[in-house]
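Chemist: Shown below is the structure under consideration.
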C-alpha cells in the first residue's frame, strides 16, 4: 500500500505523487486508530433536588459529547467502543452541510435506543466491544462535526455506567491508483502486437492436462499432510522444576 | 455489523480453522484422484468435482466438521477490536478472580514439588520406560506409594472461590427487596427462568416421548421405543452430526449411543485417533510428571472405590496420562477463562525459546477429575476411541465446570440457575434450609462440578449426558439438581442441620433422572 511506483522521468508528476502519498499516509493513521477526538466528561442527568429539600436522584441517563478537531468534519464509517454497563445507546450527530459555511449545524438522530445489554439487570453484554456501522445508522453520517452519545441504564443494580475507548473511524478514500495503471498501460504498448488465436482441440488438451495432473499427484503424494501432534518438549528435553507465577 | 458482513467474517474464520486440517488434506487427495474418472470433464471441472465430492459423502464430512467448529468455543462475530482475553472471558473481575485462583493452585503445586523432593517433570531412564511399556495394560496392579501426595484442590475449595465472587459495579445495597437473593452466588449473571427453560427444552415436555421415561418395561416397545430406535439407525446411516445432535435430545438407545456420541462430537476418524494416541503414549513413556501421581491418587480415591467404575481402572490411567501429554488441548484455552501454567526448562529460566507449558495440556487435575472419564468407559472399549471422545467432551463441556467464567454453561451460571430455580419454586424449602445453616448450594455443588458422575447410577447418568450433548449446554445439570431437591422436599423440611440435610441427599443411586427433570420443568 505504501509503495507507489514513481515515473522518474517526469518531475511534475513526481510532485503530485508525493502530495498524494502524504494524504494516503495521514488517513492510514486515522483508519487504524480512529480520528483524533476528545471525549467530554459524562454528564449524568438527575431529576429533583432543585429545591434543596429532596435529594437529586439519578435518572439513569448520561450524555457524552465527542468533539472532533475544530473546523474538521468527518464522514463516519463506524463508531467503535467498549461498553461498561450501559443498557441502551442513542447516537445524535451534528452535521454541517458543505457549502453552507455560515448556516448553523443541525442535530439529527443516527441511532435510537440500541440495546447493548439483553437484560439491564444482569452482566450479559456489560463489558463487550461494539461497533456501530454507518449502514446501521438512520441518517448518513457525513460532514459530522460533533457526536453526542446518550447512554441509558434503567436498572438500579449498578453503581455507574459509561462507555470506554470510543473511537470514530472515518470513511476511507479510494486508493489513488492512477499512477500505477498509467505505468502498466505504457508497458503494454511497448510489448508489441497481440498474439493471434490458434484453434485448439479441447478434448486433446484436457487429456494432456489430466496426464500432467496425474504426474504432479505422484510427486505430491510423497508430502505428508498429517496434522502433527504438537510436541510439548524442547528438543526432547522436558526437565521442569518450578512453575512460573506471572 | 450488518448480517452479510458478519456471515462472511464467520465463513472466513471457519475456513482458516479448517485449512491445513486432516480433513482438508484428505479432500484434496480425493479431488485429485477423482480426476482420473471419465465423467470429470475439463470444461465443467469445478462443478464435476463438487458433484463427485457431494455424492461420495465428503460434503457430509465437511458439514460435520463445520458443525463441530461452530459448537466449539465462540467465533467472535465482532470486528477484531476486542483483545483475545475478551474472548476467553468478557468480564474483567471474573478474569481477575480466575487468575488469583490459578496463582494459588500453582503455588500449591510448587510447594508440593519442593516439599516432597519430586521434580515436576523428569525423563524416564530407558529401563523404566520399558517396564512401563510392559505393564501398560495393567497399571492398576502397580501399588506406588501415594501417601505423601494430596490432591491440589477439592470441589469445596473451588466453591469458596465461586461464592466469594463480587461484581465491583454491582450495587448490593443493604435493603432487602424482591430482588434479594438468598443463595451464596452474589453476581448477577443472566440465567434462564422456568419459562425460558420450557421454551429451550421443548423436547423434554410431557407430550413428547423420550428415553428414560417411555422405554420403561411397563410400556410396550411398539408405542415408542422401536420406532425411535429405527430413527436412530437412520440417523447413523446418514452420518450427519447436526441430525444426531437433534436426535440425542430425546435420549440415545443403549446400542447406538457410542456411535451417536462419536458422530455428534465428530470424533469419527479411527486411523488418525490411533496414530495420535500412540504418539501420546510415547510421551507418557518418555517423561514422568508429578501430575501423573495426582492422577493415580485421584483414580485410587474415587473411581476405584466406586462399584460401577472400579473395573475400568486401567482404562482411566491410559486415558488420563495421555490426556496430560496432549498439547493439542492448549487450543481450547482461547475460549476458556483459564490460562495454562507456564514454566521453563531447568537452567533456562527467562529464555522464551525454552518456555513450556506444564502439564503439556495445561490442565491440572483436581480431586474427582477422573470421574469425567469413568462413565465413557461403558461406551468405548478401544483406548484410542475412548480418549478421542473424552478429549472432545472435555474441550466442549467439562472445562467449564472448573473455571470461573460468566458463560451460560459455566459453573457460576449453573450454581446461580440452581439457586434461582429453588428460590422461585420452592421458597419455603430454601428459606428453611438457609435458616438451619444448610445452604442448598453447599450440597449440590459437588454434584454439579462432576456433572453428576459417580452420584447417579450409570444408565441414568448417560441419559443426562445425552441431553447435555443434544442441547450443547450444561443447564440440564442445574435443573436436575433443583429437581432432586424438589423431589426430596418433604424429608428436607424435617431436618434441622446441614449434616442431616446431607444425609437425606447422600444416596441418589435410585433416582430416575428424566421424570424428575420433566416434572420440575413442565408439571410444577
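A short reminder: the numbers here are calculations on the coordinates, not readings from a lab. All values derive from a computational prediction rather than experimental measurement. Reconstructed Cβ throughout: ideal geometry from the backbone, glycine too, with neighbour counts over all protein chains shown.
Chemist: Once you put a point 7 Å from the Cα of residue B:136 and another 7 Å from the Cα of residue A:113, both along the Cβ direction, what distance in nm separates them?
Modeler: Roughly 6.6 nm, to one decimal.
Chemist: Just counting partner chain Cβ atoms within 10 Å, what average do the residues of peptide B:91-102 show around their Cβ?
Modeler: The per-residue average across the peptide is 1.
Chemist: Given labels modelled 7 Å from the Cα in the Cβ direction, how far is it in nm from residue B:4 to residue B:186?
Modeler: Between residue B:4 and residue B:186, the simple spin-label model gives 5.1 nm.
Chemist: A further question on this structure: Consider just the alpha-carbon atoms of segment B:178-289 and return their Rg together with their Dmax, both in angstrom.
Modeler: When restricted to Cα atoms, segment B:178-289 yields Rg and Dmax of 20.9, 60 Å.
Chemist: Could you state the orientation-averaged shadow area of the convex hull built on the Cα atoms of segment B:103-261, in nm² to one decimal? Don't skip to the answer; put the middle values down first.
Modeler: Numbers: hull surface 76.2 nm².
For segment B:103-261, averaging the hull's shadow over all directions gives 19.0 nm².
Chemist: Restricting things to alpha carbons, find the Rg to Rh ratio for segment B:444-517 using the Kirkwood radius for Rh.
Modeler: Here Rg/Rh amounts to 0.98.
Chemist: Run through every distinct alpha carbon pair of segment B:27-131 and return the Kirkwood hydrodynamic radius in angstroms, one decimal place.
Modeler: Taking the inverse mean of 1/r over all distinct Cα pairs, segment B:27-131 comes out at 20.2 Å.
Chemist: Please report, in cubic angstrom per residue, the volume enclosed by the convex hull of the alpha-carbon atoms of chain B.
Modeler: With only Cα atoms used, chain B gives 203 Å³ per residue.
Chemist: Using alpha carbons only, how many angstrom separate the centre of segment B:343-358 from the centre of segment B:204-274?
Modeler: About 47 Å separates the Cα centre of segment B:343-358 from the one of segment B:204-274.
Chemist: Averaged across the residues of B:427-439, what count of C-beta atoms belonging to other chains lies within 10 Å of each residue's C-beta?
Modeler: Counting other chains' Cβ atoms within 10 Å and averaging over B:427-439 gives 0.
Chemist: May I pose another question? Run the helix sum for chain B: -39,500 (n - 2.57) per DSSP H stretch of 4+ residues, divided by residue count, reported at 222 nm to the nearest 500 deg cm²/dmol.
Modeler: The per-residue figure over chain B is -16500 deg cm²/dmol.
Chemist: Moving on. Roughly how many whole Å is it from the C-alpha centroid of segment A:140-175 to that of segment B:379-416?
Modeler: Distance between centres, Cα-based: 39 Å.
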